[in-house]
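Participant: The structure's right below; bear with me while I get my questions together.
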Amino acid sequence: MKAQRVSLWLVAAMVFLWSVRARGLRRCLISMDIHPVEETFQEIKKTIQAKDTFQNVTILSTSETLHSIKPSDVCCMTKNLLAFYVDRVFKDHQELNPQILRKISSIANSFLYMHKALQRCQAQRQCHCREAAINATRIIHDNYDQLEVRSAAIKSLGELDILLAWIDKNHQGTLAA
């Protein structure tokens, strides 16, 4: 009887610790509704993708880079991808159409907001970067660097739907309504 209580207590303690850890990870996930960002991108997708002259090249989905990311690396990979878009893609893209530029700026501001939230989590040591996430990020940067800067920016903007779908899938249930 006493052994059953001890084992039951151990199981309960393990479940409790796991749930606390899971809640800690959830705090580092995106706390905004990604769907308006997706809708904004859908409004400009055809225009952006029409400028893409390298239809057979991909930056984000090469060798299943995003699909191979483990749940423990989602926070880091999301932070790295948001930084990649904020620091490189949005800065490298030169848009002449003011309506398209406004929508891209809106997406960039949303990415910056999400990136800063994940940076705070990393500062609190709740968003660890393991080797797999670092390698996947390196592959994406290498793919980007293989193209001329403007072409790479257009290609990456045209692949926003891949990134947004990945964020949505990996942050399900954690987005604000």
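Participant: Checking Cys76 against (1) of a type outside the set (Asp, Glu); (2) modelled with pLDDT under 95; (3) loosely packed, with under 13 Cβ neighbours inside 10 Å, which single condition isn't satisfied?
Facilitator: Tallying (1) of a type outside the set (Asp, Glu); (2) modelled with pLDDT under 95; (3) loosely packed, with under 13 Cβ neighbours inside 10 Å, Cys76 fails exactly one: (3).
Participant: Inside segment 52-86, can you point out the residues that are over 22 Å from His115 (Cβ atoms), part of a helix (DSSP H, G or I), out of contact with any helix residue (DSSP H, G or I) (no Cβ under 6 Å at 6 or more places or on another chain) and touching a residue at least 12 places away in the same chain (Cβ under 8 Å)?
Facilitator: Ser63
Participant: Let me ask something additional. For segment 107-131, which residues satisfy the criterion of being touching a residue at least 40 places away in the same chain (Cβ under 8 Å), out of contact with any Cys (no Cβ under 9 Å at 6 or more places or on another chain), among the small types (Gly, Ala, Ser) and farther than 29 Å from Gln55 by Cβ?
Facilitator: If the condition is that a residue be touching a residue at least 40 places away in the same chain (Cβ under 8 Å), out of contact with any Cys (no Cβ under 9 Å at 6 or more places or on another chain), among the small types (Gly, Ala, Ser) and farther than 29 Å from Gln55 by Cβ, then no residue fits.
Participant: Ok, one more. Can you find even one residue in segment 111-133 that is under 17 Å from Gln42 (Cβ atoms) and open to solvent by less than 30 Å² (accessible area, probe 1.4 Å)? Spell out the reasoning first.
Facilitator: Step one: of segment 111-133, the residues under 17 Å from Gln42 (Cβ atoms) are 111.
Checking which are open to solvent by less than 30 Å² (accessible area, probe 1.4 Å) leaves us with 111.
For segment 111-133, residues under 17 Å from Gln42 (Cβ atoms) and open to solvent by less than 30 Å² (accessible area, probe 1.4 Å): present.
Participant: Here's a follow-up. Just name the residue that is nearest to Cys75 (Cα to Cα) out of those in segment 1-60 that are of a type in the set (A, V, I, L, M), open to solvent by 100 Å² or more (accessible area, probe 1.4 Å) and modelled with pLDDT of 50 or more.
Facilitator: Within segment 1-60, the match that is nearest to Cys75 (Cα to Cα) is Met14.
Participant: Can you say whether Glu159 is in contact (Cβ under 8 Å) with a residue 12 or more places away in the chain, of a type in the set (Asp, Glu) and open to solvent by 10 Å² or more (accessible area, probe 1.4 Å), as far as the supplied structure shows? Working first, answer last.
Facilitator: Details: in contact (Cβ under 8 Å) with a residue 12 or more places away in the chain: yes; of a type in the set (Asp, Glu): yes; open to solvent by 10 Å² or more (accessible area, probe 1.4 Å): yes.
Yes; evaluated as a whole, the condition is true for this residue.
Participant: Evaluate the following for Leu147: is it open to solvent by less than 50 Å² (accessible area, probe 1.4 Å), in contact (Cβ under 8 Å) with a residue 40 or more places away in the chain and within 13 Å of the chain's Cα centre (by Cα)? Steps first, answer last, please.
Facilitator: Details: open to solvent by less than 50 Å² (accessible area, probe 1.4 Å): yes; in contact (Cβ under 8 Å) with a residue 40 or more places away in the chain: yes; within 13 Å of the chain's Cα centre (by Cα): no.
When the stated conditions are applied, Leu147 does not pass them.
The values are calculated or read from the model by the stated rules, or taken from the named source; none is laboratory data. Only a predicted model underlies this, so the values are computations on that prediction, with no experimental measurement involved. Don't worry about glycine lacking a Cβ; one is built from the backbone with ideal geometry, like all the others, and counts go over all protein chains shown. Surface accessibility is based on the protein's heavy atoms, side chains included, excluding ligands, DNA and RNA. Shrake-Rupley method; radii C 1.70, N 1.55, O 1.52, S 1.80 Å.
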